[in-house]
Amino acid sequence: MTITDKITDTMTDKAKDKVKDTIKDEMRIDSVTGKPNQPKESYYSLLAKDFAAGGVSGAVAKTITAPVERVKLVLQTQEANGQVVSGKVPRYAGIRNTFMRLHNEQGLASLWRGNLTSCLRYFPTQAINLASKDYFQSMMPKNGPQLGFWRFMVANMMSGGMAGAFSLAFVYPLDYARTRLAADVGSGRRHFHGLWDCLVKTSEGPNGFLSLYKGFGTSVAGVIPLKGLQFGLNGTLKGMSPWDKDTSPTGMMYKWAIAQSSIITAAYATYPLDT
């Protein structure tokens, strides 16, 4: 005989059921299995796990693809690079040529120049994006997958865009430093010797600390549609999916496919704003 049965032994059937339900609720016992329920994780605990998992996986992925990112930045910024424009450094001609010249002029390790800054920037960006998107979405008119695809999509896009702009305001100096370090070309003396040197020298400019926010307006104009479309597609498709809460391999693969499709689509659609 259980403790609950002893307590309710002398009560009426209706009173017994009420007391049993109350005791089970307080003891968090599942009414079907009779086993204790696992306490639900708090929002902040889940957020911390998502942040850690997203940050670590993002840092690993960025480290693997850092050489490609460096080549892309060099090709994108060479038209505004004084050394290239003046002819001191010959113009880079295509992906293969840029890879070979960076390796020959600056060494193999130079292909990862700016990667540490990129990884450091990724962690706070992910944390602020995850935390602020839900907050901004709670400010939207009532929305959800049950109210229709487009209404849910617009709410996700708007909250995602605002979260992207909000996070960029905090991490933009790191984004600026990453671009400056990656765009440092030629075989001569480097302009900057690492992240700290770049931040200090830039902030010593005529505009002081605000020099680190040069180009911020243009970046915000690019990140709002990028993150808006990325979060909008991912949040909407995942939220309307029957596998949203599924932790099986099938569910995980489906959510991974949605995330990758959202990132690629958003990147292609907004790429002109990133150049």
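The values are calculated or read from the model by the stated rules, or taken from the named source; none is laboratory data. Computed from a prediction, not measured in an experiment: that's the story for all the values here. Glycine also receives a Cβ, built like all others from the backbone with ideal geometry; neighbour counts cover every protein chain displayed. Heavy atoms of the whole protein, side chains included, go into the accessibility calculation; ligands, DNA and RNA do not. Shrake-Rupley method; radii C 1.70, N 1.55, O 1.52, S 1.80 Å.
Hey, does segment 145-160 have a residue that's modelled with pLDDT of 80 or more, assigned to a helix (DSSP H, G or I) and closer than 25 Å to Glu204 by Cα? No, every residue in segment 145-160 fails to be modelled with pLDDT of 80 or more, assigned to a helix (DSSP H, G or I) and closer than 25 Å to Glu204 by Cα.
The residues of segment 57-79 that are among the aliphatic types (A, V, I, L, M) and surrounded by 14 or more Cβ atoms within 10 Å (Cβ to Cβ), listed by number, are Ala59, Ala66, Val71, Leu73, Val74, Leu75.
Per this entry, Thr117 is not counted among residues that are open to solvent by 20 Å² or more (accessible area, probe 1.4 Å), of a type outside the set (A, V, I, L, M, F, W, C), within 20 Å of Gln76 (Cα to Cα) and in contact with a Leu (Cβ under 7 Å, 6 or more places away or on another chain). When Leu237, Leu181 are screened for being touching a residue at least 60 places away in the same chain (Cβ under 8 Å) and not in a loop (DSSP other than H, G, I, E, B), only Leu181 passes. Considering only residues in segment 244-264 that are open to solvent by 70 Å² or more (accessible area, probe 1.4 Å) and free of Cβ contacts under 8 Å to residues at least 12 places away in the same chain, the one that is nearest to Met157 (Cα to Cα) turns out to be Ile264.
Checked against (1) open to solvent by less than 70 Å² (accessible area, probe 1.4 Å); (2) part of a helix (DSSP H, G or I); (3) over 16 Å from Arg178 (Cα atoms), Leu212 passes all but a single condition, namely (3).
Selection of segment 265-275 for residues being modelled with pLDDT under 80 and either on the phi > 0 side of the Ramachandran plot or surrounded by 14 or more Cβ atoms within 10 Å (Cβ to Cβ) (or both) yields only Leu273. Can you pull out the residues in segment 100-119 that are closer than 23 Å to Val171 by Cα and among the aliphatic types (A, V, I, L, M)? If the condition is that a residue be closer than 23 Å to Val171 by Cα and among the aliphatic types (A, V, I, L, M), then Leu111, Leu116 are the ones that fit. Looking at segment 105-127, can you tell me whether even one residue there is within 12 Å of the chain's Cα centre (by Cα), more than 24 Å from Arg70 (Cβ to Cβ) and either part of a helix (DSSP H, G or I) or free of Cβ contacts under 8 Å to residues at least 60 places away in the same chain (or both)? Checked segment 105-127: at least one residue is within 12 Å of the chain's Cα centre (by Cα), more than 24 Å from Arg70 (Cβ to Cβ) and either part of a helix (DSSP H, G or I) or free of Cβ contacts under 8 Å to residues at least 60 places away in the same chain (or both).
Using the structure shown, decide if Val32 is part of a helix (DSSP H, G or I), modelled with pLDDT under 85, over 28 Å from the mean Cα position of the chain (by Cα) and β-branched (Val, Ile, Thr).
No.
Filtered by the rule that a residue be open to solvent by 40 Å² or more (accessible area, probe 1.4 Å) and among the aliphatic types (A, V, I, L, M), segment 215-232 gives Ala221, Ile224, Leu226. One residue alone among Ala163, Ala155 is touching a Ser or Thr at 6+ places or on another chain (Cβ under 9 Å), surrounded by 18 or more Cβ atoms within 10 Å (Cβ to Cβ), more than 20 Å from Asn115 (Cβ to Cβ) and without any contact (Cβ under 8 Å) to a residue 24 or more places away in the chain, and that residue is Ala155. Annotation for segment 168-175: no member residue is open to solvent by less than 20 Å² (accessible area, probe 1.4 Å), among the small types (Gly, Ala, Ser), under 19 Å from Ser219 (Cβ atoms) and within 21 Å of the chain's Cα centre (by Cα). Of everything listed in (1) open to solvent by 80 Å² or more (accessible area, probe 1.4 Å); (2) over 23 Å from Leu116 (Cα atoms); (3) in contact (Cβ under 8 Å) with a residue 24 or more places away in the chain, the single unmet condition for Pro206 is (3). What about Ala93, is it at pLDDT 85 or above, over 29 Å from Ala59 (Cβ atoms) and hydrophobic (A, V, I, L, M, F, W, C)? It is true that Ala93 is at pLDDT 85 or above, over 29 Å from Ala59 (Cβ atoms) and hydrophobic (A, V, I, L, M, F, W, C).
Per the listing Gly107, Gly87, Gly148, Gly82, the residue uniquely open to solvent by less than 40 Å² (accessible area, probe 1.4 Å) and more than 30 Å from Gly239 (Cα to Cα) is Gly107. Taking segment 225-252 as the range and being at pLDDT 85 or above and either among the charged types (D, E, K, R) or out of contact with any helix residue (DSSP H, G or I) (no Cβ under 9 Å at 6 or more places or on another chain) (or both) as the test, only Lys227 passes.
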